[in-house]
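Novice: Pasting a structure here, questions to come.
The values are calculated or read from the model by the stated rules, or taken from the named source; none is laboratory data. Since the structure is predicted, the reported quantities are computational estimates derived from the model, not experimental observations. Note that each Cβ is placed from the backbone with ideal geometry, even for glycine, and that neighbours are counted across all protein chains shown.
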Amino acid sequence: MSMAHSDTPIETKEKDGFRIEIREARGDIILNRPPLNVIKLPQRKEIREAVEALDADERVRVIVLRSDGEHFSSGGDIRAFLDASPETVAELADNVASVERARKPVICAVRGYCFGVGFETALACDFRIASETALFALPEMRIGMIPGSGGSARLLNMVGISRTKDIVMRSRRISGAQGEAWGFVTECVPDGELEAATDSLVKELVSFSPLAQRTIKRVLNTSQNLSVDGAIEIEGGAYGRLRSSNDFREGVESFFEKRKPNFTGS
């Protein structure tokens with residue numbers, strides 16, 4: 001039975017268009033504006049604030065972004081962009097990047113439509129688990145616009161220029177299975193197994209050292225825009241700092257003592 005539905009949350013907060021649930025070492029942000037979970041402009045800042053709060057919460061080890069219903073999100077409130085201030089528009093990419101900036105691992109669980117800002121937010125997460133019903137798209141070309149929250153840039157890094165042009169310039173819808181084959185979906189599973197697959201990944205991530213996890217996320221996010229030599233330099237510096245950590249000592253000792261490690265994040 002799914003962790004997402006079987007365990008009573010320690011804490012629940014209702015927001016406009018989404019809710020926050022904390023249970024054990026997991027913090028969920030759940031889109032809940034049926035039927036398509038349209039993400040309104042003010043909601044983008046509120047989701048960023050929710051991510052930042054969960055990242056700062058010592059109870060939470062892993063953040064999960066998911067949705068109620070058959071669709072993750074059909075995207076943003078298109079009409080609102082016509083009246084949005086330049087300042088509001090300038091903040092859009094920064095809000096989406098909150099999941100990338102978070103020190104903790106962030107999982108995005110997707111079924112059904114994952115369009116526009118929904119897809120852009122998913123791409124900024126660390127892991128994307130998709131149902132076989134998932135459809136991903138950056139459809140902005142259809143309204144004479146382009147992605148504005150980092151979607152095309154992140155996709156370019158993940159799948160290359162040819163596939164990114166194919167997706168963005170044609171407003172193509174890509175299935176979860178195709179996304180996995182192309183490399184922007186971590187895992188594609190049958191629809192009925194989406195929650196269980198998400199729970200399983202949460203459980204796996206929680207078993208590792210939170211300090212090492214935070215470190216490698218930062219190393220990888222920084223290194224993807226550097227030369228190989230520059231990335232090796234950053235990796236080496238981070239490796240050197242971790243050698244003096246309590247978690248590394250515990251990991252080595254537990255390995256030789258053939259027991260499960262008890263990581264503390266220090």
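Novice: For the stretch 79-104, name all the residues that are more than 19 Å from residue 145 (Cα to Cα) and not in a helix (DSSP H, G or I).
Specialist: Selection gives 97, 102, 103, 104.
Novice: Right, here's the next one. Looking only at the stretch 22-36, which residues are over 16 Å from the mean Cα position of the chain (by Cα) and more than 16 Å from residue 49 (Cβ to Cβ)? Spell out how you get there, then give the answer.
Specialist: Here is the first cut: in the stretch 22-36, the residues over 16 Å from the mean Cα position of the chain (by Cα) are 22-25, 32-36.
Answer for the stretch 22-36, where residues must be over 16 Å from the mean Cα position of the chain (by Cα) and more than 16 Å from residue 49 (Cβ to Cβ): 23, 24, 25, 32, 33, 34, 35, 36.
Novice: Working carefully through the options 130, 177, find the one that is out of contact with any His (no Cβ under 7 Å at 6 or more places or on another chain), part of a strand (DSSP E or B) and either surrounded by fewer than 17 Cβ atoms within 10 Å (Cβ to Cβ) or aliphatic (A, V, I, L, M) (or both). Write out each step before concluding.
Specialist: Numbers: 177 fails: part of a strand (DSSP E or B).
Sole residue among the options that is out of contact with any His (no Cβ under 7 Å at 6 or more places or on another chain), part of a strand (DSSP E or B) and either surrounded by fewer than 17 Cβ atoms within 10 Å (Cβ to Cβ) or aliphatic (A, V, I, L, M) (or both): 130.
Novice: Among the residues of the stretch 133-153 satisfying the criterion of being of a type outside the set (Lys, Arg) and part of a helix (DSSP H, G or I), which is nearest to residue 192 (Cα to Cα)? Show your work before the answer.
Specialist: Narrowing the stretch 133-153 to residues of a type outside the set (Lys, Arg): 133-141, 143-153.
Subset that is part of a helix (DSSP H, G or I): 140-141, 143, 151-153.
Working: 140: 30, 141: 33, 143: 34, 151: 28, 152: 30, 153: 32 Å.
Among those residues, the one meeting the criterion is 151.
Novice: Any idea which of 185, 202 is assigned to a helix (DSSP H, G or I) and in contact (Cβ under 8 Å) with a residue 12 or more places away in the chain?
Specialist: Values: 185 fails: assigned to a helix (DSSP H, G or I).
On inspection, the qualifying residue turns out to be 202.
Novice: So the check is Cβ under 6 Å with 6+ separation or different chains; which pairs have a first residue in the stretch 99-125 that's under 24 Å from residue 216 (Cα atoms) and a second one that's basic (Lys, Arg)?
Specialist: 103/214; 108/128; 109/66; 122/128; 123/154
Novice: Also: Looking at the stretch 211-248 only, could you name the residues that are over 23 Å from residue 127 (Cα atoms) and basic (Lys, Arg)?
Specialist: Of everything in the stretch 211-248, those that are over 23 Å from residue 127 (Cα atoms) and basic (Lys, Arg) turn out to be 241, 243.
Novice: OK, next. Go over the candidates 148, 144 one by one and state the one that is modelled with pLDDT under 95, buried (at least 17 other Cβ atoms within 10 Å of the Cβ), within 28 Å of residue 82 (Cα to Cα) and out of contact with any strand residue (DSSP E or B) (no Cβ under 7 Å at 6 or more places or on another chain).
Specialist: Details: 144 fails: buried (at least 17 other Cβ atoms within 10 Å of the Cβ).
It is 148.
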